Structures are given as C-alpha cells and as structure tokens.
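The values are calculated or read from the model by the stated rules, or taken from the named source; none is laboratory data. This one's a predicted model, so the numbers in the text were calculated from it and none came from an experiment. Note that each Cβ is placed from the backbone with ideal geometry, even for glycine, and that neighbours are counted across all protein chains shown. For the accessible areas, the whole protein counts, side chains as well, though only heavy atoms, and no ligand, DNA or RNA atoms are used. Shrake-Rupley method; radii C 1.70, N 1.55, O 1.52, S 1.80 Å.
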Amino acid sequence: MTTPYTERPLAPVTVDAATEHFWTQAKEGLLCTRRCTSCGEVHWYPRALCPFCMGDTEWCSLSGLGTIYSVSVTRRAGPIAYAIAYVALDEGITLLTNIVDCDFDDLKIGQRVEVTFKPAEGGAMVPMFKPA
Amino acid sequence: MTIKRKACIAGAYEHPTRKAPDKTVAQLHAECARGALADAGLTLQDVDGYFCAGDAPGLGANNMADYLGLTKLRHIDTTDTGGSAYLIHVSHAAQAIAAGKCDVALVTLAGRPRSEGSSGVAPRLVTANTPDVPWEMPYSPVIVNMYALAAARHMHEYGTTSEQLAWIKVAAAAHAQHNPNAMLREPVTVEEVLASPMISDPLHKLDCCVVSDGGGALVVVRPEIAARLKRPVVNILGAGETIKGQLGGHVDLTWSGAAISGPIAFKEAGVSPADIQYASIYDSFTITVLMQLEDLGFCKKGEGGRFVADGNLISGVGTLPFNTDGGGLCNNHPANRGGITKVIEAVRQLRGEAHPKVQVPDCTLALAQGTGGLLGSRHGSATLIMERQ
C-alpha cells in the first residue's frame, strides 16, 4: 500500500508581534526559534519570555535537521491525507509539523528528516519536514 | 486543609437523550440540574454554589445561573480544563464546602455536538490570541490525531498493539449492551475494531468515542446535609488536578497529567490503586484509557497494553471493572466532554445502582479520572476518589 504526499491548501498564517520575524526568516528558507539570554536554553514554540526561567529571549537559528518523534497519517479528516508529526530537532526541542514529499506508508519513528518549506495562501512559507 | 470526607455527592443525573435537535443547550443544562436536584431530594432554593465550564452558553456562569434561576449563589467556579473540568468542579466544590463558602453546590454540563455536527475530525475550537495557534494550526491538528500521536509513540516505546487498544473498546461495548440509553449497544470484537476504518494511524473508528447530545449534573453537599437526605452517602476522599503541556519543547508523549493528579488524589484519600474496586476512566479514545491506567498506577508504565487485554476491564471478568455505563466509547460523550458521566457512573456503582449485569459487588471505593483537551499537546487532568459511607 502507498499513500503518496499530496499538496493541500494552507490557510494564511497568523502574523503578529510573536511571529512576524519567524515568517520573514522562513521566506529566506531559514528555521529559527528563541533562546533565553539568562539561562541560555532554547525553547519551542518561540516566546518573548523564557518558559524555563522567565528571562528575556532573542531569536536564534536552527539547523532544520531532526528525527521523527511521533507521526500519524490522518486519513479521514478531509479529502487529502496528511502526516502530522512531532520532530525532535538536533538542538533538543520537539515541534509539531507535517511530513511531506514522501510515501506516508514508509514513515517511521526515529527516521531522519530535514526542513523544507511549503507556500500558504498570502505568500508565507510554512516549515515542514521531508525524509533526509 | 484536606477535603477528605468534608463533602458528599448527594445528587447525580445523566440526561437520557443522545440526540436533541429540538432542545437548546440551556434547556439541557436545566433538565440536568432538575434531575440531579430531584435525585438528591433538594430544590433550586437550596443551591448556593454553581459550577460550569465552557459548554455553558454565555459569559462564564452569568447567563446559565440567571437562566436556571439560581438566586442564592455565594460561590461560583468556571474552571475549564475541557472534559476533565467537571471532576475538578467536584473537588473545588468540596474545597468550598470545607471552607464554609457554600453548602449545596450544583455542577452542570450539556451540549449538542451531534445535532450541530461537531466531531473529532473538525479543527479544534480556539480563541483569538491563543499563543500556540500560529505555530500549530498550519499542520492541521485535530482532536483525533493529537491522540493518535501519543498512541503511535506508546506503540514505539513499549510495543503496545492495536489489538490491545481494541480490548478497551470491547470492554466498554460489553458494558454498554446493558445500558438502555447507550448510543452504541452492540457488543464488538477485537477483530471488528481492527476492521473499522483507519481515521488517523494507529486509531481506528472504533478506537474513538461517540459524538452525542446530552448532559449531566451533580450535587455536592456538606456531610450534615447528606446525612438527612434519603440517598446513600457518597463521600469524597481525595482529589488531584494538573495541566500538562509541551514542556517548552521537551515534548514527552509517554505520560499524561494523570501521573501528577493521580498520586495527589491517592495520597489525600489514603488509599492505593490496588484498593480501588471500580474505575471510571476518561475514554475519548482507547489510548486515553491505557495511558491513564498506567499513570494512575494500576499497572507499570509500558504494561498498559497487557493490562487491558483479554477482558481485564470487563465487570465480572477482569480485575478492574471500568466504565460500566459503556463510557464515552459506547454510551455518551455529551458536549464532547466526558468528565461528568465518569463521576455519575462511579456514584451509581457506590450506591449499588449500576445495572445488575455490571454492578461491582459491595462496591465501597471508586475512582474517576478525566483528561480534557489534547493528550498529544496540552491537557487538564483530574482524579477523584470516592467511597460509600
């Protein structure tokens, strides 16, 4: 059995004080998050205050490389099947995402993946992951 | 301060409807309130504390309290942790009673997701400014896949199988056949669960709870009041609650909030999992049950699959009778929030009023456990331990 990846429409992203820089970077093909200027820890999703110590934070770049922590192919929530996943980045944070550009039936937890970007309505580029 | 034996559940009522196209949500709340107060032998005029959550239409409790005609209120609580909120309401009601803030607390839940066409494959409801939304909505998290991710990880870590998860549905269905109000009354087999359509890997259609209209209500009172009512007295022994999220990106799907709320409740009650004779375990999906059973300590972490297999959750067959009303998987999941029906069936068991085919003999100690929100991202957990006096 195969379940090939199919492009699906992505709604416009939310652009606000918390996300604007992230989407600007994503258009350049860059994945980033925020790091605490007090304790030095990176966290996900990006926040103005560190969720570990409440210190101030600043943007930092990410490699875009990681492994699949968990994955589920959602087959009956709409006309197009999609793979929702948590990917554990090499920097030690795990984010919710989609896996794309592959046969979903071959996906496995522990598999290496790398970031790629898919266009949303309105022109934003949304980071997703594909097998490395 | 402890709430141990400081308050009693005197009234419990589950609305018999599972589809209510001709009733409003407010009317269902009121019918549930009337049912629970009648069950307790109390009236509207006795209520001085009111508890409701996000299913109650209006601003917090304001609109429903006015609609119901609650004019004696001196304590209000609108804690909302999704489907687990109503277990927290019972705990908070006990705290308020112990602190002298109210004497008769009413908890109501009602909704019409079946008539309104809302289910687990629709995008989850979110409010403007919810901080995680911009980072997650592009990936289409829906209710079912945010539980499926936890199931997939559990299978990877511990070798849990779809057959083992299916046994949870089989046990719920075995109980539901005796409940005339249950939405699904046909017994099912493990094979039938596995043959049902795959919704979001590894969860099949029959791993998912029903979508039903309806509701329920509870009345929590001071022990002195319970003593003069005609119903069997159900004491609250202990309670725990927490919220578990993504831990700043250190996501760990192997445990649920029950790992925190459970030990708190057991410590307050002064009992252990082995003492529990009946357990209502929130069953939004089969995986929800399995993880909560492990986290509450009914079995070791990772052994939930073996624990639930071969009918171990079936009353009269296994070691831990669970959800003898048929649970959310077969009986009822009103407002897409199953917490109140978990407490109601535990009260039926402690009163000896469950269906004779599923009644646990001489049931004196019961637990109810709720997980509300999304197991795979952020959820509220609540544990409640009760005894028959």
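Taking the criterion of being under 20 Å from residue B:221 (Cβ atoms) and acidic (Asp, Glu), the residues of region B:74-115 that qualify are B:77, B:103. For region B:339-346, the condition of being out of contact with any strand residue (DSSP E or B) (no Cβ under 7 Å at 6 or more places or on another chain) and more than 14 Å from residue B:175 (Cα to Cα) holds for none of the residues. Evaluating residue A:60 against the criteria (1) open to solvent by less than 50 Å² (accessible area, probe 1.4 Å); (2) under 27 Å from residue B:147 (Cα atoms) leaves one unmet condition, (2).
Which residues, taken from region A:70-84, are more than 11 Å from chain B (Cβ to nearest Cβ) and either among the basic types (Lys, Arg) or under 22 Å from residue B:377 (Cβ atoms) (or both)? The answer is none; no residue qualifies. In region B:219-260, the residue that is nearest to the other protein chains (Cβ to nearest Cβ) out of those that are over 22 Å from residue B:95 (Cβ atoms) and polar (S, T, N, Q) is B:246. Looking only at residues in region A:1-41 that are over 17 Å from residue A:101 (Cβ atoms) and of a type in the set (Asp, Glu), the one that is modelled with the lowest pLDDT is A:16. Closer than 25 Å to residue B:387 by Cβ and in contact with a Cys (Cβ under 8 Å, 6 or more places away or on another chain): which single residue out of B:49, B:35, B:11, B:41 fits that description? Result: B:49 is the single residue among B:49, B:35, B:11, B:41 that is closer than 25 Å to residue B:387 by Cβ and in contact with a Cys (Cβ under 8 Å, 6 or more places away or on another chain). Considering only region A:70-78, I want to know if a residue exists there that is among the polar types (S, T, N, Q), buried (at least 18 other Cβ atoms within 10 Å of the Cβ) and under 14 Å from the mean Cα position of the chain (by Cα). Within region A:70-78, one or more residues are among the polar types (S, T, N, Q), buried (at least 18 other Cβ atoms within 10 Å of the Cβ) and under 14 Å from the mean Cα position of the chain (by Cα).
Residues are listed down the side, and each one gets a yes or a no for (1) closer than 27 Å to residue B:375 by Cα; (2) touching a Leu at 6+ places or on another chain (Cβ under 6 Å):
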position	(1), (2)
B:35	no, no
B:44	no, no
B:74	no, no
B:80	yes, no
B:87	yes, yes
B:91	yes, no
B:101	no, no
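Within the set A:6, A:37, A:67, the sole residue that is more than 10 Å from chain B (Cβ to nearest Cβ) and farther than 21 Å from residue A:117 by Cα turns out to be A:37. Taking the conditions (1) without any contact (Cβ under 8 Å) to a residue 60 or more places away in the chain; (2) open to solvent by less than 40 Å² (accessible area, probe 1.4 Å); (3) touching a helix residue (DSSP H, G or I) at 6+ places or on another chain (Cβ under 9 Å); (4) more than 10 Å from chain B (Cβ to nearest Cβ) in turn, residue A:31 satisfies each one other than (1). Applying the criterion of at least 1 residues that are of a type outside the set (A, V, I, L, M, F, W, C) and at pLDDT below 95 to the helices (runs of 4 or more DSSP H) found wholly in region B:142-231 leaves an empty list.
Scanning region B:193-202 for residues that are open to solvent by 20 Å² or more (accessible area, probe 1.4 Å), touching a helix residue (DSSP H, G or I) at 6+ places or on another chain (Cβ under 7 Å) and either more than 7 Å from every other protein chain (Cβ to nearest Cβ) or farther than 18 Å from residue A:73 by Cβ (or both) yields a count of 1.
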